[in-house]
Structure formats: C-alpha cells, structure tokens
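Enquirer: Handing you a structure now.
The values are calculated or read from the model by the stated rules, or taken from the named source; none is laboratory data. Small disclaimer: the values here were computed from a predicted structure and weren't measured. When we count neighbours, we look across all protein chains shown, and the Cβ atoms used for this are built from the backbone with ideal geometry, even at glycine.
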Amino acid sequence: MDIKDFYFIYVITGDNYLKSILKNFDHIPDRANVVVITNTPKLLYKQKVKFNLIIEDLESLRSDWSRKNEIIPDIEDEQDYMDQLNEWYRSGYRYPMSIMRYGIKWAVKNNISKFLVAESGVSINYFFDCQKGLDVLNEFYINKKKNLIFGSPFFVENIDLAKGWIFDGGYYDVYKRYVPNLSEITYSEILEMNTESEKSNILSVGFDGHTYGFIFDDIKLIERLFNIWEDIMIRYFELGASYSWAINFEWIMLTISSIYHRYYNTFLCGHNNIITHSYRPEHDFFAIDIKYKNHDEEWKVAKTREEFILINRDKLIQHYGGEQRVKDIVYEYEKIVGS
C-alpha cells in the first residue's frame, strides 16, 4: 500500500497542541495525506507544506449532542484558551478525548477506509520510515485476509477485560444494536494478535489512546464502528456519567476491537512504527500539577508554555532523552531557550 493511499488524521483543539504537529511537518513525506480536524484552524492556514494537508472544522462533524455534552473551549486565542482550560481543570473538568472518534466520521464521510486517528503527541515519519511500516501492515492485511485495527498495545492479556464491560457494564443493548449475533455463547474465547511471544491464550488487547488505525475493505464497517462509539458516549451520559471506564476511550476501543475481532473478521496488531509517540509535558503547563499528582515526576507549573520550557528545561531534556530530541520535538524550543 503506497502512502498516498493512506490518511493520517489528527483531532486536536487549541494552538498549544497544534504546535507539536507543526514541528513534525518537515519530516512528513511529500506523498502523505495529513488531515487536521480542529476548532482552532487559524495557525494552520499560515503553513506552507509539500504534502497533502487537509484542514477540517471539528464543529462541522460533531453532533448537537456532542457540542452540548462534550464541552471544549470555543476560543481561538492561544493564551485565553489555555487560561480557560486551567480554570476548568481546577474545577474538576476533564477534556473529552473521545472526540477523537470524529476522525473516524471524517473518514467515513470521505469514503476513506485506510487511515489512523491520532492526538498531538504523535509524529509521522520521525525515527522510522512510515512507508516501511505501512508495507508490513499491508502484508498482514493481504496474508490474513482480514481487516486490521492497529495501534500501540500497552497490554496483551489472557484475562478478558472487555467481556465483562460488554455484557455486564450497562451497555450490552448498545453493542447488540450493531452486532445482532452478539451473545455470551457466540463470543469466542480466542483472540489472535501478532506478538513476539506468540501467545495462544490472548483474550484482551489494550491499545494506548494516542493512535488508532484501520485498514478495512468495507466502509460500512467503519461507519458502524463510529456509531457504536457515539452511542456508547450517549449512554455514558444517560447513566449520569458514573460508569468511569466508558469515559476512557481506550477502554471503549478495547471493547470495540474485541467485538470486531470476533464478529467482523478483524486482526489486531501494532502500528509497526508508522508513527512515534511522546508525551508532551509542555502542553500541560497550565495544570501539570493536577495531571501528575499521583506520579513520581514533578514539574514546575507555569503561566505560559514558554515559561514552562524555561523553568523545566533540564527536566525536559531528561524526559525526551537528550537535548537534540527536545530540539526535534518541541516547537520553538531553541528560540525560547536562546540557543
């Protein structure tokens, strides 16, 4: 599969987060298709790129229900946006990361069935040749004669975490609506995935939330996947937003990928280095003390992204594994630190 037939789709709001992908633009191959879905597109309009850049308004894809319940700051100015996030986070706000599903909706709308959806910490063609990774994924797709759901597995287990949530988590009728054959009798106890250890008793595969990829034959199956995710979110709010696993979209995708593997001829695999991912602490300068309150890492909180980089410079170098990596990844790092 040539890279020109594949789409890298970002779903991002806020200029502070968009800047990470701007830093990656120089690495992206000329033949690549990159879609950026955002409610703050102004920064992107200034960019001159060699690849195919498509900018889409997030609000044109969201449902009225999503706009009402999955609240994001509708603010274009970068500092005002981050100030609003800071105020909300300190009042218990949680950013609705499940809006990443609207990247899937964009793909369906444009009849795209070979794509990935990513957040701002994902880099394309950095450290690894993404075309080589796509070639490996295509081999799985052809040799297995199956659809692919791929990402960055953070656990592969012989305990089926998804099964309990599917059948006993308050959402069974939602899944059943889209998978008529779904039942505990037809739900297979076998799950196949490429792993170095060649485990044969895999029941559950969890993908990290930064990237979800899809290579499918039938666009209708992609649309069904989006609709399941959408309706799970609606049910979550109907239940009073008390079912905590459902707000973590990694767990929603855990249930969906488990179902698709068992009912819709789908193989699960790693992303084979078509992307790389790094957590970007400079994004979270406004509330990093909240996000890291249960972690060993301690960052100094700042009022601006620039101040955060200056006062946490040594820790950033340690976090990214060297100053050259910081220069490669962090937008305007050298300009900010003066070197």
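Enquirer: Test each condition in (1) at pLDDT 90 or above; (2) in contact with a strand residue (DSSP E or B) (Cβ under 7 Å, 6 or more places away or on another chain) for F249 and report the one that comes out false.
Expert: Against the list (1) at pLDDT 90 or above; (2) in contact with a strand residue (DSSP E or B) (Cβ under 7 Å, 6 or more places away or on another chain), F249 comes up short only on (1).
Enquirer: Determine if the stretch 171-183 includes at least one residue that is more than 16 Å from F267 (Cβ to Cβ), of a type in the set (A, V, I, L, M, F, W, C), part of a helix (DSSP H, G or I) and modelled with pLDDT of 90 or more.
Expert: Step one: filter the stretch 171-183 for residues more than 16 Å from F267 (Cβ to Cβ), giving 171-183.
Retained after the next criterion (residues that are of a type in the set (A, V, I, L, M, F, W, C)): 174, 179, 182.
Subsequent filtering for residues that are part of a helix (DSSP H, G or I) retains 174.
This time we only want the ones that are modelled with pLDDT of 90 or more, so: 174.
The answer is yes; a qualifying residue exists.
Enquirer: Residues in the stretch 215-227: is at least one among the β-branched types (V, I, T) and closer than 14 Å to P96 by Cα?
Expert: We begin by selecting, within the stretch 215-227, every residue among the β-branched types (V, I, T); these are 215, 219, 222.
Those left that are additionally closer than 14 Å to P96 by Cα: none.
Within the stretch 215-227 (the criterion being among the β-branched types (V, I, T) and closer than 14 Å to P96 by Cα), the answer is no, since none of the residues qualifies.
Enquirer: Which members of the stretch 184-208 meet the condition of being more than 25 Å from the chain's Cα centre (by Cα) and modelled with pLDDT of 70 or more?
Expert: As a first pass, look at the stretch 184-208 and keep what is more than 25 Å from the chain's Cα centre (by Cα): 184-190, 197-201.
Scanning the stretch 184-208 gives E184, I185, T186, Y187, S188, E189.
Enquirer: Do the conditions hold for L310, that is, is it outside the structural domain of K132 (by TED's automatic domain parsing), over 23 Å from E192 (Cα atoms), buried (at least 17 other Cβ atoms within 10 Å of the Cβ) and not β-branched (V, I, T)? Can you show your working first?
Expert: Details: outside the structural domain of K132 (by TED's automatic domain parsing): yes; over 23 Å from E192 (Cα atoms): yes; buried (at least 17 other Cβ atoms within 10 Å of the Cβ): no; not β-branched (V, I, T): yes.
So L310 does not fit the description; no.
Enquirer: Tell me which strands (runs of 3 or more DSSP E) are completely within the stretch 1-107 and hold 3 or more residues being touching a residue at least 24 places away in the same chain (Cβ under 8 Å), buried (at least 21 other Cβ atoms within 10 Å of the Cβ) and of a type in the set (F, W, Y), or say none if there are none. Quick ask: steps written out before the conclusion?
Expert: Details: elements: 7-11, 33-38, 52-57.
Per the criteria, 7-11.
Enquirer: Mind listing whichever residues of the stretch 321-339 are touching a residue at least 60 places away in the same chain (Cβ under 8 Å) and part of a helix (DSSP H, G or I)?
Expert: We begin by selecting, within the stretch 321-339, every residue touching a residue at least 60 places away in the same chain (Cβ under 8 Å); these are 328-332.
Listed by number, the residues that qualify are D328, I329.
Enquirer: Take the conditions farther than 30 Å from E78 by Cα and hydrophobic (A, V, I, L, M, F, W, C) and apply them to L310. Does it pass? Explain how you work it out, then say what you get.
Expert: Working: farther than 30 Å from E78 by Cα: no; hydrophobic (A, V, I, L, M, F, W, C): yes.
Here the answer is no, as L310 does not meet what is asked.
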